[in-house]
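Let me begin by presenting the structure, written as structure tokens, before commenting on it.
Bear in mind that the values in this text are calculations on the coordinates, not laboratory data. Predicted model only: the values in this text are computed from it and were never measured. Positions of Cβ are generated from backbone atoms using ideal geometry, with glycine treated the same way; all protein chains shown enter the neighbour counts.
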Amino acid sequence: SWPSTCFSRHFPALKAWRRPQSRPRTAARPLTCTSGEKMRPILLKGHERALTRVKYNADGDLLFSAAKDPKPTVWYADTGVRLGTFNGHQGAVWDLDVSYDSSRLLTASADATVRLWEVRTGRELCQYDHSGPVRAVAWAEGCQYFATAAEPFGKHPGQIAVYYCPSDAEEYDQLPIENRVFEIPPEVRASQIAWLNNNKEILIAYDDGSLRILDAEYGDELHKFNIHKHRIMDMQFSIDKTLLITASYDTSSKLLDATTLEVLETFQTDRPVNAAALSPIREHVIIGGGQDAMSVTTTAGQQGKFEARFYHMWYAEEFGRVKGHFGPINAIGINPDGRSYASGGEDGYIRLHHFDPSYFAIADPVPEDFDPLSAKKKMEEAGLDVAEMGLEFGEDEEKEA
């Protein structure tokens, strides 16, 4: 175990020092189980069109999915059995978010509505009308408020709107909070949305590759960060919300400090990246994507490069791939217990993977140029007590130091 995530961000190289030896860099290989057979997923077929989002609830026992069809779906995360669908939308569902207690679900759709559902019964609780297709929705911390991002439509500009939605309400106000509807600049469109800083700020990802922070009360743009060169397709926090991973059409995924939005690591690929997620128990990143969906029908699976790719979080070393989809991977979600993950593809299938024990026995790759003495010296210069932290260095290295 390690002292803290913050420590690991500033001294990532030290996290490998307890491992017995460095390994030579090798090409990524398919992840396999202990018997030598490839890890076999559970194939979920409940959507008629391409997946747009897969997301686990906080307990990890339910998996929610949205697609370019109008029926968001909930599944048992362990077995993949479909629990039910939420019927009511008239267009593609672009995004969804489930409350922390798994009692309420928000879905954002191209039919220009956000709908609130009771998860237990599938009953629609409220419909929130917008001026254009809604691309993103996110609960605030505490799940008493939520924010939406709508695209421009006709004479109506794109908008960010904040709604009050208390958990104990008998009736819901269908209108956003007064003076909390903010126009999106006409030159960009929002693709993702999230809350920051105890609900005081809203983080928005745009199709120009930028991340912008808005004041959640007044709508003022506080900061702008040019993270990518093309549209940001996905962004997800680590389980403790200290890290943020982005995925972009510019063929890269980036790991950010969730507080400063400083880029800590870049995962460069040779294909558009549509989704990325962080493991809650290992220092691993899962990235998915593939070539443009318009060209899929003329390209074989191998050529289209539709695998989920596994990287080490700090060394950006690719150590494994999981194949299976017959189109680009559009969505990835990792179970909060870290023992399974789900991917949703352009082929309309969800592939639910439960990791074999051999995955947890994989030794993380260590760069050949790793220098523990240099890392130790940096720690001591920073005023950190190596011995108190329980970090161990080899006898030979101690003598040389």
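In table form, for the structure just shown:
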| read-out | value |
| --- | --- |
| Residues residue 90 and residue 43, FRET efficiency given R0 of 35 Å [Cβ-Cβ distance, rounded to 0.05] | 0.80 |
| Rg to Rh quotient for segment 120-208, alpha carbon positions, Kirkwood Rh | 0.97 |
| Residues whose placed amide H lies under 5 Å from that of residue 125, excluding near-sequence neighbours | 116, 117, 118 |
| Residue-span extension gain [residue 354 to residue 210] - 0.36 nm each, minus C-alpha spacing | 48.4 nm |
| Rounded to 5, the percent of DSSP beta bridges in segment 78-145 classed as antiparallel | 100 percent |
| Contact order relative to length of segment 164-250, as percent, for alpha carbon pairs under 8 angstrom and 6 or more apart | 19 percent |
| Dipole magnitude of segment 120-259, debye to nearest 20 (Cβ charges: Lys/Arg +1, Asp/Glu -1, about Cα centre) | 500 debye |
| Percent of alpha-carbon pairs separated by more than 16 Å within segment 54-104 | 37 percent |
| Alpha-carbon Rg/Rh ratio, for segment 148-262, with Rh computed the Kirkwood way | 0.99 |
| Positive minus negative residues near residue 194 (Lys, Arg vs Asp, Glu; Cβ under 10 Å) | -1 |
| FRET efficiency for residue 171 and residue 200, using Cβ-Cβ distance with R0 set to 35 Å, rounded to 0.05 | 0.80 |
| Calculated log₁₀ intensity ratio I(q)/I(0) where the Debye formula runs over C-alpha points of segment 198-353, q = 0.08 Å⁻¹ | -0.23 |
